[in-house]
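The values are calculated or read from the model by the stated rules, or taken from the named source; none is laboratory data. Note that the structure is predicted; figures quoted are calculated from it, not measured. As a convention, Cβ positions derive from the backbone with ideal geometry for all residues, glycine included, and neighbour counts pool all protein chains shown. Remember, those area values only see protein heavy atoms, side chains included, never the ligands or the DNA or RNA. Shrake-Rupley method; radii C 1.70, N 1.55, O 1.52, S 1.80 Å.
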Amino acid sequence: MMSLNQRVLLSATLVLLIFIVGIALALDRAFYDSARLGVQDRLFAKLLMLMGDSEVEESGVLDVPTNLLDAEFGHVNSDTYAFIIDRTNAITWQSTSSLNEKIPAVALLEKGKKEFAQIMIDGKPHFIYSYGVAWETQSGSYPFTFTVITNTLLFEAQIERYREDLWGWLSIMVVLLLVTQMLVLRWGLQPMRKVSTELAAIESGQQESLKDVYPSELKLLTDSINSLINHEHKQQKRYRNGLADLAHSLKTPLAVLQGAVHGEEDEQNRHKTIQEQIDRMDNIIQYQLRRAATAGSSPGMGLITLRPMVDRIVTTVAKAYSNKRPEITIDIDDAISLRIDEGDLMELLGNLVDNAFKWCRYNINLSSRYHENQVVIQVKDDGSGIQPHEIARILERGVRADQSTPGHGIGLAIVRDIIQVYGGELAIENNRTSGLCVTLRLKKNK
């Protein structure tokens with residue numbers, strides 16, 4: 001496939017050539033018409049001069065003094081000659097220069113009528129200009145047609161010289177324009193080459209992001225690439241941290257299991273200890289897998305409308321708690337949306353709604369609103385709430401799943417980690433009367 005530079009250069013060259021050829025043809029045609037008009041004017045001037053030197057006697061005889069004629073009419077083998085015909089289409093006078101020339105047949109023209117044309121005489125092109133006059137005398141009116149003919153040698157030579165000069169200079173202009181175009185194109189595409197060079201450096205590990213300053217047309221592209229690279233780095237870091245945390249968290253239950261296997265406890269206690277540690281390990285693995293799978297913000301993410309998602313989650317969770325029928329209030333405007341991974345949003349809201357159903361008695365309230373540059377989401381229940389010191393511990397960064405708040409499992413810990421990935425805020429507080437209020441603050445869409 002052709003490179004972008006070749007594509008632009010080829011297309012620009014084709015446009016330039018079409019433009020130059022079009023201009024050349026237009027100029028050639030304009031000069032041709034102008035030169036032809038010049039020949040017409042020149043022949044008409046000779047006709048006027050010939051008519052000015054001519055006289056008609058009372059008898060109708062035309063008299064043309066030869067000593068007053070134009071020099072071209074007085075030389076044999078001249079390029080220009082003239083003749084005059086009367087009402088009988090007979091030639092009443094012809095110039096000396098026409099003696100060796102063939103006189104074409106010309107019809108008598110009406111008074112004041114002019115005819116200019118290009119004809120062939122003995123296979124050679126000539127210009128002919130005829131003008132009809134009516135000479136008034138006391139004895140009557142005598143019509144004549146004055147005609148001047150010239151060959152096209154001078155005209156064709158003039159056109160040929162013009163075309164040589166025209167195409168010569170246009171060729172030089174084309175070369176200069178192509179060279180200038182290549183230089184301008186090279187300068188204009190320099191930022192694209194920088195992007196390619198920096199991407200190659202990123203691929204080889206020499207740098208981590210696009211660092212150069214780019215024009216506004218490329219800034220959105222380079223910013224998006226940097227965001228994608230940053231997102232990928234964060235994702236890899238989460239995977240590594242998740243594996244490290246998983247390995248660290250499994251050390252304790254594995255040690256307990258090893259002690260139970262080699263311990264001297266009775267079979268019933270040993271079985272109970274092993275089951276507890278298996279449940280604990282399953283809890284840890286679920287938490288770390290969900291934590292590592294958090295997508296995080298990415299430039300390519302679409303907008304998700306919040307209200308339909310909340311309705312779906314509430315309907316799904318309500319089926320799991322069919323023995324409870326709390327009054328559910330949803331105060332979320334249809335226009336509120338978030339730029340977030342759908343799976344992450346399901347995980348966030350699913351854990352909060354699940355906890356609300358688990359601990360509520362009669363009421364659950366879900367609300368959302370825009371506040372400055374944030375989307376604020378609140379989930380409230382009228383349950384027993386959480387002890388203040390447990391709230392502080394669940395909000396602490398780095399708390400492991402095996403240390404999560406008793407009774408609330410890993411749900412709030414997962415919510416905390418997802419919110420941190422998206423640069424949001426999580427607040428947990430007890431209601432004034434009873435129950436828990438969980439508040440999420442995420443960046444508003446731009």
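Condition test on residue 12, is it more than 15 Å from residue 129 (Cα to Cα), part of a helix (DSSP H, G or I) and touching a Leu at 6+ places or on another chain (Cβ under 6 Å)? Judged against the criteria, residue 12 is not a match.
Only one of the numbered conditions (1) over 16 Å from residue 148 (Cβ atoms); (2) assigned to a helix (DSSP H, G or I) is violated by residue 43, and that is (1).
For region 121-147, give me each residue that is assigned to a strand (DSSP E or B), open to solvent by 70 Å² or more (accessible area, probe 1.4 Å) and not basic (Lys, Arg). Selection gives 136 alone.
On the stretch given as region 1-42, residues that are in contact with a helix residue (DSSP H, G or I) (Cβ under 8 Å, 6 or more places away or on another chain) and either hydrophobic (A, V, I, L, M, F, W, C) or exposed (fewer than 13 other Cβ atoms within 10 Å of the Cβ) (or both) total 14.
Could you grab me the full set of residues in region 165-196 that are under 13 Å from residue 222 (Cα atoms) and either exposed (fewer than 12 other Cβ atoms within 10 Å of the Cβ) or not β-branched (Val, Ile, Thr) (or both)? Those that are under 13 Å from residue 222 (Cα atoms) and either exposed (fewer than 12 other Cβ atoms within 10 Å of the Cβ) or not β-branched (Val, Ile, Thr) (or both): 191, 192, 193, 194, 196.
Residue by residue through region 188-225, note down the ones that are aliphatic (A, V, I, L, M), farther than 22 Å from residue 6 by Cα and either assigned to a loop (DSSP other than H, G, I, E, B) or touching a strand residue (DSSP E or B) at 6+ places or on another chain (Cβ under 9 Å) (or both). The answer is 210, 213. Quick check: anything in region 69-83 at pLDDT 90 or above and among the aliphatic types (A, V, I, L, M)? Among the residues of region 69-83, at least one is at pLDDT 90 or above and among the aliphatic types (A, V, I, L, M), which makes the answer yes. Residues of region 148-164 that are open to solvent by less than 20 Å² (accessible area, probe 1.4 Å) and either without any contact (Cβ under 8 Å) to a residue 12 or more places away in the chain or part of a strand (DSSP E or B) (or both): 148, 149, 150. Does residue 375 meet the test of being touching a residue at least 60 places away in the same chain (Cβ under 8 Å), of a type in the set (Val, Ile, Thr) and open to solvent by less than 20 Å² (accessible area, probe 1.4 Å)? Criteria met by residue 375. Within region 43-67, if we keep just the residues that are touching a residue at least 60 places away in the same chain (Cβ under 8 Å) and either of a type in the set (D, E, K, R) or under 25 Å from residue 170 (Cα atoms) (or both), the residue that is surrounded by the fewest Cβ atoms within 10 Å (Cβ to Cβ) turns out to be 58. Filtered by the rule that a residue be modelled with pLDDT under 75 and open to solvent by 10 Å² or more (accessible area, probe 1.4 Å), region 400-436 gives 400, 402, 403, 404, 406, 407, 408, 409, 410.
Filter region 68-101 down to the residues that are open to solvent by 80 Å² or more (accessible area, probe 1.4 Å) and hydrophobic (A, V, I, L, M, F, W, C), then identify the one that is farthest from residue 121 (Cα to Cα). Step by step, filter region 68-101, then rank; the result is 68.
Would you check if there is a residue in region 271-282 being over 27 Å from residue 419 (Cβ atoms), open to solvent by 50 Å² or more (accessible area, probe 1.4 Å), of a type in the set (Asp, Glu) and modelled with pLDDT under 75? Within region 271-282, not a single residue is over 27 Å from residue 419 (Cβ atoms), open to solvent by 50 Å² or more (accessible area, probe 1.4 Å), of a type in the set (Asp, Glu) and modelled with pLDDT under 75.
Just to be sure before I move on: is residue 39 closer than 23 Å to residue 158 by Cβ and touching a residue at least 40 places away in the same chain (Cβ under 8 Å) in the structure I sent? In short, yes.
Of all residues in region 234-245, one or more are surrounded by 12 or more Cβ atoms within 10 Å (Cβ to Cβ), among the polar types (S, T, N, Q) and on the phi < 0 side of the Ramachandran plot.
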